[in-house]
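The values are calculated or read from the model by the stated rules, or taken from the named source; none is laboratory data. This one's a predicted model, so the numbers in the text were calculated from it and none came from an experiment. FYI the Cβ positions are ideal-geometry reconstructions off the backbone, even for glycines, and counts take in every protein chain you see. Accessible surface is based on the protein model in full, side chains and every heavy atom, while ligands, DNA and RNA are left aside. Shrake-Rupley method; radii C 1.70, N 1.55, O 1.52, S 1.80 Å.
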Amino acid sequence: MNTENDFQPSHSHTEINNGGTIDNTKVQDLTDLPNDLFLLISSYLTPQASVLCRRVSRAWFAAFTSADVSWNFMRWHFPRSREMRRAVEELGENPDWTRIFANVARRYYHLRAAKPRLVEKIDVVQESLAPRGPIKGVAPWNRWLRWTDHVSAFQHRDPTWCMDDGLLVYQETISGHYVAYDLETRHRYSVPFDGADKTVRRLRLTCGVLIIEWCERKSYHQLNDQETVHRHFATAFDVVRRISTSTSDYESEIRFTWDITFRSEWKIHFLGLPLNNHDRFFSAHTATHYALYVWQPNRSPWGEEDPLEQLTIWDIEKPSEYRPSLDPTGANRPTLSTSTSFSSSSSQSSSGSGDQQGPEVINRFTWRDLEFLDLRQRHTPRLREILLDEANVYIHEEDHRWLAGQHSGLTPPRHHQVRCTGIPFHGTGPRWSDECCADGDVHMSFCPRAGSLARVLDDDNRESRAPGNRNLWPGWAPCWRHEEFPYLTVADAVDADAGVRFIARQCFVMEALSSFVLPKISVREEEQGGEEDDEVAEARFADEMWWDLLAKGKIVGDERWVVGEDGAGKVTVVRF
């Protein structure tokens, strides 16, 4: 392996006079210069040119593949790259900077040009048309954008896959098993979730915890003459990236593997929910907490019309082997006051003791609490998503001037209104509120917050972000949706540490007026300084990439890749 002392051509080929000047008669090539002068001149080369210089001659190859020179190239050109940020924990004591620089230079060449190096397609199980299939997602609100005769989606259905930190979780089409696909090593790991006789409603991976929300395919009881209720549960798995060191004859490289283990299971609704497109629930989680908002039409025979609403917070930090889905009566549920042992031969396959309390509800916000907090949705819901941090839950809402449909508001805003309301897990206050309506000004800055992108990528705000979330602090209103109004940001993927952001935007009005206006997906990279006034370079992908990535209105990724879903229901992995 190359070391810092491998490249020292200056001391053997160059003579320095007593006056401190270089004897030009001895300098016949760039590599004959002293090391500091060589580095000074090389700093003006682009990363691609630096790699191509290795092909000039043997002397140039030795010089430009030196570990010291390659490390300086990384420090100059890619200081915010993943390799530089995680060199100590992922690359070992003696990283091969020569190989690393070549790979990173190739990656950023494709990233900055918005040109995929490789496009990978993955078959995943999609939602079934049957009401009791393997996957039945939660329906979004019945509202869409409409202007004259042109209609466009405002919210999309959840995809049947999820991804975080380069690990893609989905259900295989052939085996029917859930797997976790490491995009970096291309290894697949089994997820210990048995999907037999279960209908998955949603799955989500974040903060090192995978949560699968599901219900039993067999109905639990009759709700009324036409509807049946299915018991709904959530199963949590710990997803841990572990170092696996492999030693060869030449070097010892650090490799990683994933451990996916069962943490706990809990019932998310005390009675159950019908499998239909009317009852809806939104959820979010961190490594320690889980939040669920439930919205149900009122089926009361007494003429009450307002829908039923409730927000519940769980503490899910404590593991437990107890599975309530295997104990319908709750007779074997562990408690803090008792120390009950569960037989390993029991049909429930549950074991544990009183100290394995598992998930527990820490607060319930009824419809009265939500009304007091100005969060009750009623018949014109505005809720978009729920986010969490260490001690608070944040409700993101949005409304649009051109919304139509059953759940659209009766008094639309001037443009596009977004709002965030934050409340602590315990109690009903104090309440945090942040709102923006993109009203604009004489300078055509429709979002009055000029630095919305800078806030997303700002290094100074990293400590205030939600755990495991590389995006902005969840307490801000989602101005990213209208930061270039009238363009609507359908989805974005932010790698704030690298200063990279993928953005998918659609101009609804312009598309309605002209068939030549197409939606666009682009990548933005912040300069090295990280200041608000730094220049941000943007490159636009080819038009066909929209149809490869945005069928479900969701993209995820970082500086290495961006992942979405195409119109045929296949997951698209765009590698750089």
Length gained when the stretch LEU40-ALA139 is fully extended (0.36 nm per residue, less Cα-Cα span): 29.7 nm
Hypothetical label at ASN277: residues of region 109-140 whose amide nitrogen lies under 20 Å (7 Å Cα-Cβ projection): 126-140
Calculated FRET efficiency for the pair ASP374/ARG255, C-beta based, R₀ 56 Å, to 0.05: 0.65
Gained length - THR366 relative to THR288, 0.36 nm times residue gap less alpha-carbon distance: 25.9 nm
Rounded accessible area per residue of region 54-138, 1.4 Å, Å²: 50
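Report the calculated FRET efficiency for LEU118 and ASP194 (r = Cβ-Cβ distance, R0 = 45 Å), to the nearest 0.05. The partial results should precede the final answer.
On the way: r = 34 Å, r/R0 = 0.75.
The value I calculate is 0.85.
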Taking region 354-437 and dividing mean pair separation by its residue count, relative contact order in percent (alpha carbons under 8 Å, at least six apart): 24
Gain on full stretching of the segment that runs from TRP302 to TYR220 - 0.36 nm per residue minus C-alpha separation: 27.1 nm
Too-long pairs where the Cα-Cα distance tops 18 Å, listed order kept, from LYS198/LYS570; LYS136/LYS318; LYS136/LYS218; LYS520/LYS570; LYS121/LYS198: LYS198/LYS570; LYS136/LYS318; LYS520/LYS570; LYS121/LYS198
Whole-angstrom gap from region 181-248 to region 92-146, using each part's C-alpha centre: 19
Residues of region 164-292: accessible area per residue with a 1.4 Å probe, Å²: 43
